[in-house]
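Visitor: To start, I am sharing the structure in question, which I have written as structure tokens.
Just so it is clear, none of the values below were taken in a lab; they were calculated from the coordinates. If you're wondering where the values come from, they're calculated on a predicted model, not measured in any experiment. Here the Cβ is made from the backbone with ideal geometry for all residues, glycine too, and neighbour counts use every protein chain on show.
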Amino acid sequence: MRDELINIKNIAVSFILDAQDKKTLEEVRMQFLGRSGKLTIAMKNIIKVPIEDRRDIGQLANEIKRIVEEAINQKIQTLTKFITEERRSKIDLSIPGILPEIGHLHPMTQILYDVVDVFKTIGFQAADGPEIESDYYNFEVLNIPKNHPARDTQQTFYLNTRDTNLNPGEIILRTQTSAMQGRVMEKTKPPLRVIVPGKNFRYEQVDASHGFEFWQVEGFCVDKHIRLTDLFGTISFVLGKLMGDKTKIKFATTNFPFVEPGVDTYIECTVCKGKGCSFCKNSGWSEIMPAGMIHPNVLRKVGYDPQEVSGFAFAIGMSRLVTLRYKMDDLRLLTNPDLRILEQF
Amino acid sequence: MKAPLSWLREYVAIKIDPKILGDKLIEIGLGTEKIYKEGGETIFDLEITPNRPDLLSILGVAREISAIEKAPLKLPKIKSDLLNLKIKKPLLLKIETDTNINPRFTAIIIKNITVKESPKWLRDKLIQVGQRPINNIVDITNFVMLELGNPIHAFDYDKIVGSCMTIKQAKGGEVFESVDGITYSLPKGAVIIKDKDKIIDLCGIKGGKNTGTYQETKNIILRAPVEIPTLIRKTSQALGLRSEASSIFERGVNKGGTVDAIRRCVDLVLELAGGDIASTLYDIKKDEFEPWSVSLRLERLSFILGITIPEEDVINILTRLNLNPKIMPNFCNPDKSKKSDYKKIRMGNLIECTIPTYRNDLQIEEDIIEEVARIYGYNNFPKTMPIGEVPTKKIPYFKDYKLDEEIKKIITSAGFSEIYTNSLISEDDILQNEEDPSQYLQINNPISKDFKYLRQSLKINLKKALIQNMPYAKHINLFELGKIYLGKNIKETSEKYYLAGISNIKSFYEAKGVIELLYRTLGINEDASTAISIIENGVYFQINITDMLDKVEKNKIFQPIPKFPPIIEDISIIISTDIKTGDIIESIKKQSHLVVKVSLLNIYKDTRTFHIIYQHPDKNITSEDVVVVRKKIINHLKEKFLASLK
């Protein structure tokens, strides 16, 4: 009996080692370990062994069964490994992958979402307002009365007033998202932290750096005690997050009728790293974010008391952000629907 | 505004490198467009903001440099004292003016001058700033304007009929020929000067050709006015005519500077053209136009700026800006609204500034605060974040960008790439879409006829985008999420965000699936097929996002997964092809609550195979249960649609 068992083991192991595929191996398994397999039958016959030897033989049989099973398992692993390796070896790894057919978000949208997210972390909510706007919200409420020279910098499209009794010139396409300052402020009270992304329109001939439609993110913050240093801090934080912490920025004085003091923000040109190039008109710096402390006249117009509350406001030129981040040197690319452009983002 | 370095140096010592000076000027608000060399001279090309007419003069720029460089300002020496003139044989001039349309009229007459070419130094200065020298008199008036910032015009005294000047506003339509020989039809309201029978000056913009200074001119009237900015601007805009003078007047000229400008001019005329003063000084004015005072509270300065600048430093900065600061005790509580707090206690100091008349932009305390801040240097400020509590209340006009992002995520995952197109379209665009341009909102002053109307659909631009891509791409899937502008006229406009997509490869059902997924994600219960149309090149869909967002149901409620196994079977039926699959599915579902899901597996000729899942939420179901339901379904389909089991 002992010899018989050892013989079965030897044959089984040699069959297992010879097996070239999983199917043969399975046959071998059935031949020895199956219901009527040789080892199974042999083990059933242990009962016929004299009682004094039965325990030893039983142990041996179990041991042999374990060896055979292990050999099979090992062989399965070897065969699997062999198969996967063989399959991989047959693959031409240099053939490019098959891309899932997904679409691409426009670069401006990607940056816009970043802008919205960054401002959200410091408590700014987003608002959305009309593009067909009144002269009042676009100019008057912002301390830019009719015939103010500042209107020169924002040449305006006027809507046709036919079939109405409205004066030509009263209804325009907004030239700045700042138009939303008055709308939001007169409907609610401070504290306020608001951004307004949106499209604006100006009467400008189209070239590489001008378009008659452009995107801006207006922002303003009004509370009991908002300081110029808060404006500097907020702009630095936001531009650092959007353009990288190493981005260099500097501030300068400027004038917009709806702020006092007025601030302009320059960012070191990302293209030439400040050395001067065609992007930044050789200055090494790019104007990116006009801003300032909200003028007391604006606060008064929306019903706030400038001695009680103060605030800052700013505007970010979206196309300038896109230009600086992706080094796109022509604004016209932003409205070009060519997939060879869109698929890069 | 062009400022040559050597000219600036006549008024202020400049020791630093021009490039560094340019950067410093930018920081204090003088946008330095570029610094360039021409004919050996360094020239600053400056962009002047609308609030600073004083910087449209070399002296004005020198004043700013003096303030930042802490270098004293050397004013030009003016000799003529025109106040106590005794004229032996005066030339007569009758001036009829209205200070409501011409707030100040300062003038003097000089006789027996010799008109000739200007000396080289004067011609060079004008050429450096881009002007063409004409003759000594015209050049002197231009020089004085460039130096001091007050425009002056010289009239030929002998060509003024009746020795009179009358200021009035044009009725509209009058013809006027400017000194450079161009004829204009004047708009109503333009401020003009007339002599006895003709218009001789378009005030604040251009002098008239008929009374200009030429070779033969012997006697001149020099006039330095103050004009009303809005009147000048209106006329200048109506005529599309700009001059250096009009740029200054529409920003607000130095009202206190006319006399000094005339004095400077007289000095130079007597020196370069000879002659004698032939009248006393005319100075007809609405007001004395004296300096005014604006006070600054140091607490307010710290409050707005967020930093404390020591009083002596503030005084120092204001002094450098020539604002004559004086420290006064401040006894008043500035906050008068709280009467209980009103006490006559000393609230720290008040700094009272006397504002020179050339700084018309300094009117309120905040203006003075900016002056201190910009000279202190914006880049020397620390940076802080707002300290108040973060507002939690939802703002008016709130927009949820998370939803925007979610919508675009679904559309891009489905293969559509995003484009941005113009809101303004052409008449042709509208006609090609077989619509009526008169039903569209239109722009009165379009930049071209291609961009005259506001779009009422995103379709036109998407179609164009598809066609543009056809030569380069096989699979074209594009979308835009943008505004459309509805309304026949501007009284009833409404702006709506639309999501629209176009594809040349997706089938109707694929497009429908994308929109169904979008609706499902946003919890909207609507028929997706109405959003889709089949077009020549593929499929197009559009959804009114503005209206849809009102229906968004974001509160998803968890449904437990069924505890008991379902029984699934496929049933093939023969049914008329006229019957809609949607109706069949609805009918099957209605037959029993055990039917939890029905979907179409395939269609072959008049046979449709449906995949049906039977399940009970609380117990196991048996095939006997299913047999009963199936019988009911088949009977119902037989009755309703004349269908039969295959």
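Visitor: How high is the relative contact order of chain B, given as a whole-number percent (alpha carbon pairs under 8 Å, six or more residues apart)? Working shown, then result.
Guide: Numbers: 1149 pairs, mean separation 60.6, N = 646.
It rounds to 9 percent for chain B.
Visitor: If you don't mind, another one. Using only the alpha-carbon atoms, how far is helix B:401-413 inclined from the longest principal axis of chain B? Give it as 0 to 90 degrees, nearest 10.
Guide: In chain B, helix B:401-413 runs at an angle near 60 degrees to the longest axis.
Visitor: In whole Å, how far is the Cα centre of the range A:205-239 from that of the range A:73-101?
Guide: 54 Å
Visitor: Follow-up. Say R0 is 41 Å: what FRET efficiency, to the nearest 0.05, do A:LYS120 and B:LYS77 get from their beta-carbon distance?
Guide: That gives a FRET efficiency of 0.10.
Visitor: A further question on this structure: Suppose R0 equals 35 Å. What FRET efficiency, 1/(1 + (r/R0)^6) with r the Cβ-Cβ distance, do B:GLN439 and A:LYS187 give to the nearest 0.05?
Guide: 0.65
Visitor: Identify all lysines with a Cα-Cα distance to B:LYS2 below 16 Å; exclude those on the same chain that are fewer than 8 residues away in sequence.
Guide: B:LYS19, B:LYS34, B:LYS37, B:LYS125
Visitor: Which residues' amide hydrogens lie under 5 Å from the amide hydrogen of B:LYS597, considering only partners 5 or more residues apart or on another chain, with H built in the peptide plane?
Guide: Excluding prolines and chain starts, which carry no amide H, the hits are B:ILE613.
Visitor: Using each residue's phi in the range A:237-247, evaluate 6.51 cos²θ - 1.76 cosθ + 1.60 at θ = phi - 60° and report the 3J(HN,Hα) Karplus result to the nearest Hz, with x for Gly and Pro.
Guide: With the stated coefficients, the range A:237-247 comes to 4, 5, 5, x, 5, 6, 10, x, 5, 7, 4 Hz.
Visitor: Of the GluC sites (Glu not before Pro) in the range A:66-133, which ones lie in a loop per DSSP and count no more than 16 other C-beta atoms within 10 Å?
Guide: Numbers: sites: A:GLU69, A:GLU70, A:GLU85, A:GLU86, A:GLU101, A:GLU131, A:GLU133; in loops: A:GLU101, A:GLU131.
Taking the range A:66-133 and a limit of 16 other Cβ atoms within 10 Å, the loop GluC sites (Glu not before Pro) found are A:GLU101.
Visitor: Could you work out how far apart the two model spin labels at B:TYR509 and B:GLU290 are, taking each label as a point 7 Å from the Cα in the direction of the beta carbon, and quote it in nm?
Guide: 9.1 nm
Visitor: Quick one: of B:LYS77/B:LYS286; B:LYS589/B:LYS640; B:LYS589/B:LYS638; A:LYS146/B:LYS188; A:LYS23/A:LYS75; B:LYS563/B:LYS590, which pairs are farther than 21 Å apart, Cα to Cα? Mind dumping the intermediate values first?
Guide: On the way: B:LYS77/B:LYS286 28 Å; B:LYS589/B:LYS640 14 Å; B:LYS589/B:LYS638 15 Å; A:LYS146/B:LYS188 17 Å; A:LYS23/A:LYS75 12 Å; B:LYS563/B:LYS590 23 Å.
As for pairs spanning more than 21 Å Cα to Cα, those are B:LYS77/B:LYS286; B:LYS563/B:LYS590.
Visitor: Rounded to the nearest 500, what is the 222 nm mean residue ellipticity of chain B from helices alone, with -39500 (n - 2.57) per DSSP H run of 4+ residues and division by all residues?
Guide: On the way: 18 runs with 193 residues, N = 646.
Theoretical 222 nm ellipticity from helices: -9000 deg cm²/dmol.
Visitor: GluC sites (Glu not before Pro), restricted to the range A:260-322: which are DSSP loop and have at most 16 other Cβ atoms within 10 Å?
Guide: Loop-located and lightly packed - A:GLU308.
Visitor: Neighbour counts of other C-beta atoms within 10 Å: give me A:CYS272, A:CYS280 arranged from fewest to most. Please report the intermediate quantities before stating the final value.
Guide: Working: A:CYS272 15, A:CYS280 21.
By the 10 Å Cβ count, ascending: A:CYS272, A:CYS280.
Visitor: Length gain on complete extension for the stretch B:LYS474 to B:ASP550, per 0.36 nm per residue less the alpha carbon to alpha carbon distance?
Guide: 23.7 nm
Visitor: Cα to Cα, under 23 Å, and not fewer than 8 places away if on the same chain: which lysines meet these conditions relative to B:LYS463?
Guide: List returned: A:LYS199, B:LYS408, B:LYS409, B:LYS449, B:LYS452, B:LYS474, B:LYS483, B:LYS496, B:LYS506, B:LYS512.
Visitor: Can you give the longest run of chain B that contains no chymotrypsin sites (Phe, Trp or Tyr not before Pro) sitting in a DSSP loop with at most 10 other Cβ atoms inside 10 Å?
Guide: Values: sites that count: B:TYR472, B:PHE558.
In chain B, the maximal stretch lacking such sites is B:1-471.
Visitor: Whole angstrom only: what separates the Cα centroid of the range B:167-244 from the Cα centroid of the range B:575-634?
Guide: 89 Å
Visitor: What's the long-distance tail for the range A:107-342, i.e. % of Cα pairs beyond 23 Å?
Guide: Cα-Cα pairs in the range A:107-342 separated by more than 23 Å: 50 percent.
Visitor: Between A:GLU218 and residues 5 or more places away or on another chain, which pairs have amide H atoms under 5 Å apart, with H built 1.01 Å from N, and which residues are they?
Guide: When sequence neighbours closer than 5 places are left aside, the close amide H contacts are A:VAL196, A:GLY198, A:ILE316.
Visitor: So, one more: Calculate, for A:LYS281 and B:ILE535, the FRET efficiency according to 1/(1 + (r/R0)^6) with r their C-beta to C-beta distance and R0 35 Å; round to the nearest 0.05.
Guide: Once rounded, the FRET efficiency stands at 0.20.
Visitor: Now for a different question. Which GluC sites (Glu not before Pro) does the range B:434-518 hold that lie in a coil by DSSP with at most 11 other beta carbons within 10 Å?
Guide: On the way: sites: B:GLU434, B:GLU435, B:GLU480, B:GLU492, B:GLU495, B:GLU510, B:GLU516; in loops: B:GLU434, B:GLU435.
Hits after loop and neighbour filter: B:GLU434.
Visitor: Please name whichever of A:SER236, A:THR253, A:CYS280 sits farthest to the positive end of the charge dipole of the range A:227-281, dipole taken about the Cα centre and charges placed at Cβ: Lys and Arg +1, Asp and Glu -1.
Guide: Comparing the listed Cα positions along the dipole, A:CYS280 ranks first.
Visitor: Here's a follow-up. How many partner chain Cβ atoms sit within 10 Å of a residue's Cβ in peptide A:301-307, on average, as a whole number?
Guide: Going residue by residue through A:301-307 and averaging, the value is 2.
Visitor: Next up: What distance in nm separates the two pseudo spin-label positions at B:LYS394 and A:THR84, each 7 Å out from Cα along the beta-carbon direction?
Guide: 5.2 nm
Visitor: Distance in nm between label sites at B:ASP180 and B:THR609, each 7 Å beyond Cα in the beta-carbon direction?
Guide: 8.5 nm
Visitor: Hey, fewest Cβ within 10 Å first, where do B:LEU281, B:LEU148, A:LEU60 land in order?
Guide: A:LEU60, B:LEU281, B:LEU148
Visitor: Using alpha carbons only, how many degrees (0 to 90, rounded to 10) separate the axis of helix A:51-89 from the longest principal axis of chain A?
Guide: So the inclination is approximately 40 degrees.
Visitor: Quick check: the angle from helix B:18-27's long axis to the longest principal axis of chain B, C-alpha only, nearest 10 degrees?
Guide: With both axes taken from Cα atoms, the answer is about 60 degrees.
Visitor: Tabulate in residue order the Karplus-calculated ³J(HN,Hα) for the range B:185-195, using 6.51 cos²θ - 1.76 cosθ + 1.60 with θ = phi - 60°, rounded to whole Hz; enter x for Gly and Pro.
Guide: Computed from phi, the couplings for the range B:185-195 are 9, 6, x, 4, x, 4, 7, 9, 10, 10, 9 Hz.
Visitor: Turning to a different aspect of this structure: With +1 on each Lys and Arg Cβ and -1 on each Asp and Glu Cβ, how big is the dipole of chain A about its Cα centre, in debye rounded to the nearest 20?
Guide: My answer is approximately 1080 debye.
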